[in-house]
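One structure is given here, and the rest of the page talks about it.
The values are calculated or read from the model by the stated rules, or taken from the named source; none is laboratory data. All values reported here derive from a predicted model rather than from experimental measurement. For neighbour counting, all protein chains shown are included, and Cβ atoms are generated from backbone atoms with ideal geometry for every residue, glycine included.
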């Protein structure tokens, strides 16, 4: 059973050990980037969704799993999650393919980098199709979850594709009521994209079984209203043992310094994502630190148990002072 432990990544979002959570820009209510349903069933779903599909020789999908517990919920041979100061690492393995997903927020950057490293531990090369997706929140988290009469007609996106990368911009109300927008990009040549949630998931499907993943092809949908998302797909052939750190997804937000009626949404790094993803070197947590963390948790549990048995009772004189009308009833 997954315990919803949450680590706060500066002011950019929260990341549970299941892989869900949400992202925001400065204000978690008024500038929510990705959608999050607090009372959702199943819980903690629909925020960061990554799918790894092993392809057959004829190009059809063989099986799909996620580098995190959610959204696919496929049984994994190995799964570990560790939170650090400003980063979270998910390590998983299935059918000989090991993955390491590292989520972190670079300093002074309004974006979260999700770096995915893949290693083939098998003897034969494998062809993998990787899909990353996020579900956009229409900025105001409270209004996004209640005012459907208006929200279903305001969603707007823009797709920018080059030979090296693809970026999907969420520009709902941009240059109308807001001077900020969000983006989701990957630094790899893509084979398809989707921006409509209905086209991506299909009818009666959830994030664990999207129609696009089952079909093995993207619909290249462009959303106009309803529920906009960002989904990017690319193919990768991994040989025996080499470690591929090519795919780096980056959801984030940008803001114009002054409203410009002629400005178009552009990420501050159009053709390459944040260079911190290439310099990333995260050492494993030492055994001594793990022992100290376990001891700290045990001390907190003991203190909580002691505090639960304490009962504070005000002295009689204080009760008379606070409630003069009851002074005659106190003996």
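A few notes on this one:
- The one condition in (1) at pLDDT below 90; (2) in a loop (DSSP other than H, G, I, E, B); (3) exposed (fewer than 15 other Cβ atoms within 10 Å of the Cβ) that residue 70 fails to fulfil: (3)
Residue by residue, here is whether (1) more than 19 Å from residue 189 (Cα to Cα); (2) surrounded by fewer than 24 Cβ atoms within 10 Å (Cβ to Cβ) holds:
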residue	(1), (2)
109	yes, yes
119	yes, yes
128	no, yes
136	yes, no
139	yes, no
147	yes, yes
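- Subset of region 108-124 that is outside any strand (DSSP E or B) and touching a residue at least 24 places away in the same chain (Cβ under 8 Å) - its residue that is nearest to residue 134 (Cα to Cα): 112
- Residue check, residue 129 at pLDDT 90 or above and over 23 Å from residue 210 (Cα atoms): no
- Elements of type helices (runs of 4 or more DSSP H) in region 132-223, at least 3 residues being closer than 30 Å to residue 237 by Cβ: 197-201, 211-215
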